[in-house]
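Visitor: The structure under discussion is supplied below as structure tokens; questions concerning it will follow.
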Amino acid sequence: MLQLFLKPTRDAPIRRGHPWIFSGAIERCEGDEQIVDVADVFDSKKNWLARGLFNPKSQLRVRLLTWQKETIDQSFFAARLAQALAFRSEQLGATNNAYRLVNGEGDFLPGLTVDRYADYFVCQFYTAGMESFKDEIVAALSALAPTAGIFERSEGRVREEEGLEPSLGVLAGEPPPETLTIEENRHRFLVDLRRGQKTGFFLDQRDSRQFLATLAAGRSVLNCFAYTGGFSVYAFAGGAKEVVTFDSSLPALELAEKNLQLNGFADSPGEVIKGDAFAYLKETDSKFDLIVLDPPSLAHRRGDMDAASGGYKFLNLHALKLLNPGGILLTFSCSQHLPRELFQKVVFGAAVDAGRKATIVKQLGHPIDHPVSLHHPEGEYLKGLALRVID
Ligand code: SAH
């Protein structure tokens with residue numbers, strides 16, 4: 001096992017439980033520092049601090065797994081997974097069979113996400129360290145709950161930074177069907193685990209969808225950036241008088257149509273429209289009582305923030321203009337680099353420029369299966385505001 005010694009003073013965040021160590025904090029290594037390995041981390045006075053996974057190719061050299069001297073093996077992962085599952089089953093299990101089982105740092109398993117969709121698991125290994133324990137994690141998952149199959153969708157920017165290629169395919173059991181039916185708060189949705197966005201469904205918006213249902217009665221709704229129509233189904237279930245489901249992705253909207261059918265809303269008033277939401281919001285003559293604005297992340301890097309803020313402002317400004325008096329806007333940002341306070345400022349600027357006065361009726365965010373570690377607040381990415389326009 002590799003041993004890493006930190007520079008003086010660089011141990012403080014680690015002692016407080018932060019799970020990341022960048023290359024600049026490391027004074028020296030003992031052992032083979034060319035390979036991906038489990039590493040023990042010491043302060044500059046050789047006191048043992050924590051244990052994690054080391055990747056020489058990443059600037060983020062170590063992601064810590066534990067602050068105890070425990071062996072990192074299949075039973076270590078099995079215990080973490082069992083803990084994660086217990087809370088999800090207790091809180092969500094009665095009315096949901098799809099949820100995020102492992103949320104990386106939020107479940108003290110940095111570099112790993114696992115989503116459960118009925119009897120399938122979808123894994124994302126983001127780091128070389130986690131990837132090196134793939135077999136153990138797959139074995140632990142197989143033993144955790146009855147599964148038809150375990151599928152992998154490891155892709156994205158973090159993998160590139162780790163020096164890893166995308167990796168997709170079956171890890172165990174049967175390949176997933178073309179579409180799988182999941183149940184969320186007693187609504188049913190078709191999910192494409194192989195080609196759908198994220199791992200197939202935006203599990204992180206479950207609570208906000210449920211909240212929307214409580215606001216929908218008698219209202220005309222625009223579900224903008226609708227993906228497969230999650231908010232639309234809840235809007236109809238909550239008694240919306242009409243719902244426009246808008247997205248730029250044809251495959252997503254095909255599933256949205258099917259999801260409306262599946263929940264008995266095929267003939268309910270409304271439309272499913274494919275197009276560019278930026279253009280639509282600016283140009284449409286329609287007015288709505290309730291708008292959901294859930295765009296994809298507009299800031300992928302810290303450096304994109306100015307352009308991203310401009311994008312969010314544009315969307316919110318035009319959405320606010322389309323609201324009838326007393327109307328409600330549920331507006332979101334899933335950009336990790338845009339903190340909540342800044343997002344609120346951007347939305348405030350949009351309201352000022354739109355000439356609307358609004359109140360915040362609720363702060364929205366991660367549901368309980370997307371926990372954020374208190375020691376790693378950077379893990380918060382999803383933030384939302386429910387606004388009520390007064391005039
Ligand atoms: N609210 C959805 C998730 C939205 S994800 C849910 O609860 O499931 C963001 C969506 O924005 C994706 O479906 C993507 O296809 C869509 N999208 C991206 N760019 C777009 C654009 N310019 N106009 C309209 N939709 C867009």
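The values are calculated or read from the model by the stated rules, or taken from the named source; none is laboratory data. Keep in mind the model is a prediction, meaning the values are calculated, not measured. Because the Cβ atoms are built from the backbone with ideal geometry, glycine has one as well, and the counts that use them run over all protein chains shown.
Visitor: Given the structure, is D276 near the ligand (Cβ under 10 Å from one of its atoms) and out of contact with any Gly (no Cβ under 7 Å at 6 or more places or on another chain)?
Guide: Yes: the conditions hold for D276.
Visitor: When only residues in the stretch 177-201 that are within 10 Å of the ligand (Cβ to nearest atom) and surrounded by fewer than 20 Cβ atoms within 10 Å (Cβ to Cβ) count, which is farthest from G270 (Cα to Cα)?
Guide: Out of the qualifying residues, it is K198.
Visitor: Of everything in the stretch 372-391, what is touching a Lys or Arg at 6+ places or on another chain (Cβ under 9 Å) and assigned to a loop (DSSP other than H, G, I, E, B)? Give them in sequence order.
Guide: H375, E380, I390, D391
Visitor: Same structure again: Would a scan of the stretch 323-332 turn up a residue that is in contact (Cβ under 8 Å) with a residue 24 or more places away in the chain, farther than 21 Å from N223 by Cβ and within 14 Å of the ligand (Cβ to nearest atom)?
Guide: no
Visitor: Quick one: is T228 over 21 Å from the mean Cα position of the chain (by Cα), outside any helix (DSSP H, G or I), of a type in the set (V, I, T) and within 11 Å of the ligand (Cβ to nearest atom)?
Guide: Spelling it out, it is not the case that T228 is over 21 Å from the mean Cα position of the chain (by Cα), outside any helix (DSSP H, G or I), of a type in the set (V, I, T) and within 11 Å of the ligand (Cβ to nearest atom).
Visitor: Quick one: would you say Y234 is within 12 Å of the ligand (Cβ to nearest atom), out of contact with any Pro (no Cβ under 7 Å at 6 or more places or on another chain) and at positive phi?
Guide: For Y234, the condition - within 12 Å of the ligand (Cβ to nearest atom), out of contact with any Pro (no Cβ under 7 Å at 6 or more places or on another chain) and at positive phi - is not met.
Visitor: Continuing with the same structure: What single numbered condition from (1) out of contact with any helix residue (DSSP H, G or I) (no Cβ under 9 Å at 6 or more places or on another chain); (2) at positive phi fails to hold for N185?
Guide: For N185, the failing item is (1).
Visitor: Restricting the stretch 43-66 to residues that are over 24 Å from V158 (Cα atoms) and surrounded by fewer than 19 Cβ atoms within 10 Å (Cβ to Cβ), which is nearest to the chain's Cα centre (by Cα)?
Guide: Restricting to residues being over 24 Å from V158 (Cα atoms) and surrounded by fewer than 19 Cβ atoms within 10 Å (Cβ to Cβ), the top hit is L49.
Visitor: Just checking, which of E90, E27, E70 is over 27 Å from E155 (Cα atoms), surrounded by fewer than 18 Cβ atoms within 10 Å (Cβ to Cβ) and touching a helix residue (DSSP H, G or I) at 6+ places or on another chain (Cβ under 9 Å)?
Guide: Answer to the selection: E70.
Visitor: Does any residue of the stretch 336-358 turn out to be touching a residue at least 60 places away in the same chain (Cβ under 8 Å) and more than 28 Å from R157 (Cα to Cα)?
Guide: no
Visitor: From (1) surrounded by fewer than 22 Cβ atoms within 10 Å (Cβ to Cβ); (2) modelled with pLDDT of 95 or more, pick out the condition that doesn't hold for R159.
Guide: In the conditions (1) surrounded by fewer than 22 Cβ atoms within 10 Å (Cβ to Cβ); (2) modelled with pLDDT of 95 or more, R159 misses (2) alone.
Visitor: Step by step: first the residues of the stretch 102-112, then only those that are touching a residue at least 60 places away in the same chain (Cβ under 8 Å), touching a helix residue (DSSP H, G or I) at 6+ places or on another chain (Cβ under 6 Å) and under 17 Å from A86 (Cα atoms), then the one that is surrounded by the fewest Cβ atoms within 10 Å (Cβ to Cβ). Which residue is that?
Guide: Step by step, filter the stretch 102-112, then rank; the result is G106.
Visitor: Those residues that are within 22 Å of the chain's Cα centre (by Cα) and either away from the ligand (no atom under 13 Å from the Cβ) or at pLDDT 95 or above (or both), I need them from the stretch 280-299; list them, please.
Guide: Hits for the stretch 280-299 are I291, V292, L293, D294, P295, P296, A299.
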